[in-house]
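One structure is given here, and the rest of the page talks about it.
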Amino acid sequence: MHEDANGGGHPAAEVTPSGADQEFLALERELTVLLRRARANQGEMAREVHPDLEPAAYGLLVRLDEHGRQRATELAAYIGVGKATMSRQLRALEELGLIAREPDPADGRAWLVTLTDEGRGRVGKVRLARRARYVSQLAHWDRREVSELARLLHELNQVMEK
């Protein structure tokens, strides 16, 4: 038995978190559900781009779609994987005809990765369909709420990046 601030005894299993702890427990619960669903969605989107595409590689394609050609090291840092994993993923994407690699003119030792026309077209089609799904699912939300959610998720991603 543990004593509370008033000297009363409570079994350890009955001790409830404070209100602030409840907020963070709720955050953890909702993020767990969101991440589980996001992983499942990422797998679906990857298969829509190409049936042989690994779910983890979808994020690389989106990054290239949004930011243009990049060094493999930049992609690895953004995704949070090592050089060997990145090389394997890029090789697979290249074999599927979704990306191309070319020497970096600024540094002959480095490679720049870019979407092929095929890759850009496939990724664009899937992203367009995904946005249409979000619009449909969140049609009852005010646009300011959608914007606020995007802003808060961006802030969360920034904090978790550090």
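Quick notes on this one:
- Diffusion of the stretch 46-97 by Stokes-Einstein, at 20 °C in a medium of 1.002 mPa s and with Rh set to the Kirkwood radius over alpha-carbon pairs, works out to 193 µm²/s.
- Added length on full extension, which subtracts the Cα-Cα distance from 0.36 nm per residue, Gln22 to Lys125: 33.0 nm
- Charge-dipole axis of the chain as Lys and Arg at +1 and Asp and Glu at -1 on Cβ define it, positive-most pick from Ala40, Pro51, Gly82: Pro51
- Taking amide hydrogens as placed 1.01 Å from N in the peptide plane, the amide H of Leu112 sits under 5 Å from those of Glu102, Asp104, each at least 5 positions away in sequence or on another chain.
- Multiplying the residue separation of Leu156 and Glu30 by 0.36 nm and subtracting their alpha-carbon distance yields 44.0 nm.
- Counting all C-alpha pairs of the chain, share separated by more than 26 Å (%): 46 percent
- At full extension, Glu148 and Ala77 could sit 22.8 nm farther apart than now, given 0.36 nm per residue minus the alpha carbon distance.
- Hz values of 3J(HN,Hα) by residue in the stretch 86-100 - Karplus curve (6.51, -1.76, 1.60), Gly and Pro given as x: 5, 4, 4, 5, 5, 4, 5, 5, 5, 4, 7, x, 8, 10, 10
- Net charge dipole size for the chain [Lys, Arg +1 and Asp, Glu -1 on Cβ; Debye, nearest 20]: 820 debye
- Placed amide H near Ile99: partners under 5 Å, 5+ positions off or other chain: Glu94, Thr116
- When its C-alpha radius of gyration is set against 2.2 N^0.38 Å (N residues), the stretch 110-162 gives a value of 1.58.
- Kirkwood Rh in Å, taken over the stretch 31-122 so that all alpha-carbon pairs contribute: 13.5 Å
Values quoted throughout were computed directly from the atomic coordinates according to the rules given, and no laboratory measurement underlies them. None of these values were measured; they are calculated from a predicted model. Cβ atoms come from the backbone with ideal geometry, glycine included; neighbour counts cover every protein chain shown.
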